[in-house]
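What follows is calculated from the coordinates using simple rules that are stated; it is not laboratory data. Computed from a predicted model, the values in this text were never measured in an experiment.
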Amino acid sequence: MPIIQRPYVPPDDQVPSEDSYVNPGVSQSEGTGEVSAPDGGSLDPITFYSDSMHIFSSLYSAVLFFGEQMEEREPILRARIKVSPQMLKAIALLTTKHVKEYEDAVGPITLPDQVYTAWELDGPDGPAEGEHGHAAG
C-alpha cells in the first residue's frame with residue numbers, strides 16, 4: 001500500500017473556533033486569565049507526535065495546525081499554535097538551521113514527491129515542473 005502524505009486541513013478549510021480547543025493539562029480560571037493545574041493535573045507541556053501540518057495565515061497572525069496521519073482516514077488534529085508573522089518567520093529560520101545541521105551531520109533528508117505536490121512547494125531541484133510538483137531529475 002502506498003504511503004499517502006496529506007497536509008492537515010481544517011474542515012471546510014476554515015480555522016476552527018476558539019471554544020473547540022481544550023488543553024487537557026491546564027484549566028483556566030473564569031474571568032481571571034490565570035492558568036492553574038486541574039486536580040491531580042500538571043502544568044507540564046503536552047508532548048505528542050505529528051506527521052501532518054497546515055498553516056493558515058492572515059495579515060496579523062498565523063496558526064499552525066499539527067495533526068497525526070491516520071491510515072485510510074483524514075489526519076487527527078493534535079495541536080493548534082497561534083503566532084505572529086514575525087514569530088512564524090523566526091520558526092522558519094530556526095527550523096531551517098536545525099535541518100541543515102542535521103543533514104550536515106547525518107546526511108540528506110529526502111522527501112517523497114507527494115509532499116511537494118500536496119503543499120504546492122518547489123522541489124529540491126527548483127521551481128515545480130511536470131506532474132510530480134518538482135523538476136524531473
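If the segment from Asp125 to Phe56 were pulled out straight at 0.36 nm per residue, it would be longer than the present Cα-Cα gap by 22.2 nm.
Full extension of the chain segment joining Met87 with Ala105 gains 3.8 nm, where the gain is 0.36 nm per residue of separation less the Cα-Cα distance. Sequence-ordered 3J(HN,Hα) estimates for the range 120-125 from the Karplus curve with 6.51, -1.76 and 1.60 and θ = phi - 60° stand at 6, 9, 5, x, x, 9 Hz, glycine and proline given as x. Quarter the surface of the alpha carbon convex hull of the range 43-103 and you get the mean projected area, 5.8 square nanometres. Computed from backbone phi, the HN-Hα couplings of the range 68-76 come to 10, 5, 10, 4, 6, 9, 5, x, 9 Hz, rounded to whole numbers (Karplus: 6.51 cos²θ - 1.76 cosθ + 1.60, θ = phi - 60°; Gly and Pro given as x).
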